[in-house]
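One structure is given below, encoded as structure tokens.
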Amino acid sequence: MQFKRFMIYSAVLIAIVGVYTYVNIGGEFSLTIPFLDMNVSQTVALWVVFPLIVMFLLTSIHLMFAKVKDYFHKRRYQKDHKNLVEFIKRRVVDDEIDTDIKTKEYQELYFILRRAKMYPDVSSQRSGNEEMDELFEDISKVYSGEYIDLKKYHLPKKSDILKKNRLNRLKSDTKYAFEILKNQEEDEDLKLIAFENIIDNNHSKEIKKYIDIISKDKKRIFDILKLMFEKKLDVSFSNEELLGLIKNAKFQKDDLIELAKISKMYYLPDDWVKLFEYFSDNYEHAEDAYIYVLFDLEMIDRANERLINTSNDEMQKFKAYLSLKESGKHYPVELFV
């Protein structure tokens, strides 16, 4: 029952009882109050409606109290609902947060959800919650490869969604790639992607400047050198710089032989020999590659001088190749590496 209706109906009832009593009974009634030595005299009608008025007032106080209590209870429900939705949003984006839940029903649900991992299902139907649906739409765009401004969501740095969004930006924004590379505290995976961006866009100065980022990655160093030899990358390194790269990446003899093969057509013979002679004199794993270069250029005497200084169990394939050459048999040196 609405409080206003209760007031109206109560007032009508009191008025009807009072008027009926006054018209049909009339007169006065005196009441002596014990212990106070007082005698109160009022009309009978007033005495009749007095208990009704008292009951009306007490009931009104009770209803008002219940209404106020219900108001605050609803406020707690609304606040808990908002906090729980926000909690779910944060968990969806990999943010570990605690929230204050007051109501028992929501509190139980909150404790259950807190023990679970949540992942966005971007293909699911809309929830009806505008903020949640907007978040899921933006996440869907990010997963589709689009870069979205996610600042309003205050995502944690570890969020996979944020990382994916930054990767999307890196693919198309070279200036952002430079920002990533300049930041000493940036995630190493992002730096690698940023470095690949400047390679794809052939920024030669920046490639040399930031190549230390991949200095330990043998495959990436090899790929860069291959692109350089093939003139697909506008960058160059001195022999000393090349030696530093292959040492840091820990190239092995097979890697260096392969490097010799792909670099052959991009060097003049004298420069090619000097490069791998320099490698051989300064890096223990480069001797095989240097001998391969010598044999490929038919510099048999120089190759023989190197092989003479090796033990019997070393470079046996090259020694076999040399033996065949000396006996007049000719085979491609590639068959022996």
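Assign one of three labels to segment 120-232, namely rounded, prolate or oblate, based on the Cα gyration tensor with a ≥ b ≥ c the square roots of its eigenvalues; rounded applies when a/c is under 1.5, prolate when it is not and a/b is larger than b/c, and oblate otherwise.
prolate
Straight-line reach from Lys141: which aspartates and glutamates fall under 16 Å, measuring Cα to Cα and dropping same-chain residues less than 8 apart?
Straight-line reach from Lys141, under 16 Å: Asp121, Glu131, Asp133, Asp149, Asp160.
Kindly identify the chain as rounded, prolate or oblate by the Cα gyration tensor criterion: order the square roots of the eigenvalues as a ≥ b ≥ c, call it rounded if a/c is under 1.5, otherwise compare a/b with b/c, prolate if a/b is larger, else oblate. Before the final figure, lay out the partial values.
Values: a/c = 6.37, a/b = 5.42, b/c = 1.18.
Prolate is the answer for the chain, as a/c is 1.5 or above and a/b outweighs b/c.
Step through the residues of segment 308-323 one at a time and calculate ³J(HN,Hα) from phi using the Karplus curve (6.51 cos²θ - 1.76 cosθ + 1.60, θ = phi - 60°), rounding each to whole Hz and writing x for Gly and Pro.
4, 8, 9, 6, 4, 8, 9, 6, 5, 5, 5, 5, 5, 5, 5, 5
What net charge do the residues around Lys79 carry, taking every other residue with its C-beta under 13 Å from that of Lys79, with Lys and Arg at +1 and Asp and Glu at -1?
On the way: positive: Lys74, Arg75, Arg76, Lys82, Lys102; negative: Asp80, Glu86, Asp100.
Its environment carries a net charge of +2.
What does the charge dipole of the chain about its Cα centre add up to, to the nearest 20 debye, if the Cβ of each Lys and Arg holds +1 and the Cβ of each Asp and Glu holds -1?
So the magnitude is around 1720 debye.
Towards the positive end of the charge dipole of the chain, with charges on Cβ (+1 Lys, Arg; -1 Asp, Glu), say which of Asn183, Ala15, Leu324 has the farthest Cα.
So the residue we want is Ala15.
Cross-link candidates for Lys102: which lysines have Cα within less than 22 Å, leaving aside residues fewer than 8 places away along the same chain?
Within the straight-line limit of under 22 Å, Lys102 reaches these lysines: Lys67, Lys69, Lys74, Lys79, Lys82, Lys89.
Sort 197-208, 281-292 by the packing proxy (mean of other Cβ within 10 Å over each peptide's residues), most packed first.
Listed from highest to lowest mean packing, they are 281-292, 197-208.
Each reported figure results from applying straightforward, stated rules to the coordinates on display, with no laboratory input. Keep in mind that what you see is a predicted model, and the values were worked out from it rather than measured. Ideal geometry is used to build each Cβ from the backbone, glycine not excepted, and the neighbour counts take in all protein chains shown.
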